[in-house]
Amino acid sequence: MSTYSNDFEKALETGRPPNVKRLFPNSKALIVSGKVIDRALLKKGRAMTIAANGRNYIIIRGVLQAAQKANAAVIIEIARSEGGASAYCATNFWNLARRVDQVANELGITVPVAIHADHYGIKKPEDVGPAKIEIPTLFEAGITSIAIDASHLPDDDNLLANIELIPLVPKWAGLETEVGEIKGKEGLSTPEEALFLIRGLNAHGIFPDWIALNNGTTHGIQASDQGIQVDLTARIHKALEPYKVSGAQHGTSGNNSERLRQIAEKTRTTKANVATALQMISWGVQVDEYGNAVMDDKGEFIKLKDQGVTEELWEEMNAYARERGWKGGAYKKLNLPFENKIMGQPREIRERMEKGVEEFVYDLLVDVFNARDTAHFAMEIILEAGSYDVGPKATRIEDPAEWTPEKIREKAMSIVREKGPAGDFDD
């Protein structure tokens, strides 16, 4: 048996969290905490990996095959709007781990994979109570990482919601927090408000693995080339250095490869979310270098012949969308009604869908994100820890007495922030 095989077997034994072991006792899928993935990218340096949005089963298969080929540690995720109680995708919070585990075992995938509940949105303070009931069920279903997103609330409410909900997240699990709605050039995040959130969490003994920012990009189909502001991101990450939090880059679709390379090289970003591009590629829609769907002169998507779904099914999907007045980004709502029809396509059609996703993701991992061979680092980290729980990166350096609810409200009043118009935080 090779050294790699020995390491894999040891990592499989010690690196799978207890919820994963309970659900999949005989599995050979190396499903790990999000913390492990973050550490692996940090260990390589100037690298980030894909947090691939598994809106459909085909995407999950394509991403895992690309990760295996690149020997890259990766994250598979679904957001609350896509896979929560009001889902528009067949993949959801409660079956994502099962889908990943099944595919990994079928295809012999040996790279480490984290299962991430993205954008667990808290849109108003009244959402906190129901979230306390629901969040534990996600981990019971195999989630190994979560993003608590109260970013569109005022800064004090955002921090207080995080403080109230994060104790429900297992200590071993990956943790992401967010400041500033992800919505483009309006209401950009600032070092001041990012520090307010991370300092307040630190005072309460909470040490996030990632922070997501509004650094100039958007979700869904990018409307302009405004894109990620690399210098702003680097400046915020520099301010957060004492707290050892990594960056989570949302909305990578709409940014060219060079800009994404700069994010990996010049910031502390280790997690890069990719959603809409994977959906479009799986269907066979033409995308540009930015991952944006290409439109014809009528403003309609261009379906590539002999790629993605059959021409007949694509016509059916278009007709379904037209009947409901769905255009552009609203095509994401086709995921749920057409999942079973896609799975009923001939094998060669499903395989070409997978292949399109695999090729796109492999290029990102190897040529843009610098994530090649990070699977090796992830296994090293598990073996060094001898556990699925690699512990926090940071320690408490803030005084809890300075971050009581009353003092949090007082401090927040001094933060000057232009939130801008409401953002699209659905993806």
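The values are calculated or read from the model by the stated rules, or taken from the named source; none is laboratory data. Model, not experiment: these values are computed from the prediction. A quick note on method: Cβ atoms are made from the backbone with ideal geometry, for glycine too, and the neighbour counts reach across all protein chains shown.
May I ask you to list pairs of residues, at least six apart or on different chains, whose Cβ atoms are under 8 Å apart, with the first in segment 34-61 being touching a residue at least 40 places away in the same chain (Cβ under 8 Å) and crowded, with 24+ Cβ neighbours inside 10 Å and the second being among the polar types (S, T, N, Q) and part of a loop (DSSP other than H, G, I, E, B)?
34/144; 48/370; 54/91; 55/91; 56/91; 60/91
I'd like to check something: does segment 95-106 contain any residue that is more than 28 Å from residue 197 (Cα to Cα) and among the acidic types (Asp, Glu)?
Checked segment 95-106: at least one residue is more than 28 Å from residue 197 (Cα to Cα) and among the acidic types (Asp, Glu).
Being assigned to a helix (DSSP H, G or I) and buried (at least 17 other Cβ atoms within 10 Å of the Cβ) narrows it down to one residue among 378, 319; which is it?
378
Among the residues of segment 132-142, is there at least one that is surrounded by fewer than 24 Cβ atoms within 10 Å (Cβ to Cβ), of a type in the set (D, E, K, R) and under 27 Å from residue 213 (Cα atoms)?
yes
Within segment 220-255, take every residue that is at pLDDT 85 or above and of a type in the set (Gly, Ala, Ser) and give me the one that is surrounded by the fewest Cβ atoms within 10 Å (Cβ to Cβ).
This residue is 239.
Being among the polar types (S, T, N, Q) and either at pLDDT below 95 or under 20 Å from the mean Cα position of the chain (by Cα) (or both) is the requirement here; does residue 335 meet it?
Judged against the criteria, residue 335 is a match.
Please go through segment 113-168 and give me each residue that is of a type in the set (Ser, Thr, Tyr) and not in a strand (DSSP E or B), ordered by number.
The answer is 137, 144, 151.
For segment 318-368, which residues satisfy the criterion of being in contact with a Lys or Arg (Cβ under 8 Å, 6 or more places away or on another chain) and under 17 Å from residue 62 (Cα atoms)?
Once the filter is applied, which keeps residues that are in contact with a Lys or Arg (Cβ under 8 Å, 6 or more places away or on another chain) and under 17 Å from residue 62 (Cα atoms), segment 318-368 yields 335, 342, 343, 354, 357, 358, 362, 365, 366.
Of the residues that make up segment 18-35, is at least one assigned to a strand (DSSP E or B), under 13 Å from the mean Cα position of the chain (by Cα) and not hydrophobic (A, V, I, L, M, F, W, C)?
Checking segment 18-35: not a single residue is assigned to a strand (DSSP E or B), under 13 Å from the mean Cα position of the chain (by Cα) and not hydrophobic (A, V, I, L, M, F, W, C).
Yes or no: segment 350-363 includes at least one residue that is on the phi > 0 side of the Ramachandran plot and either in a helix (DSSP H, G or I) or of a type outside the set (A, V, I, L, M) (or both).
No: segment 350-363 contains no residue that is on the phi > 0 side of the Ramachandran plot and either in a helix (DSSP H, G or I) or of a type outside the set (A, V, I, L, M) (or both).
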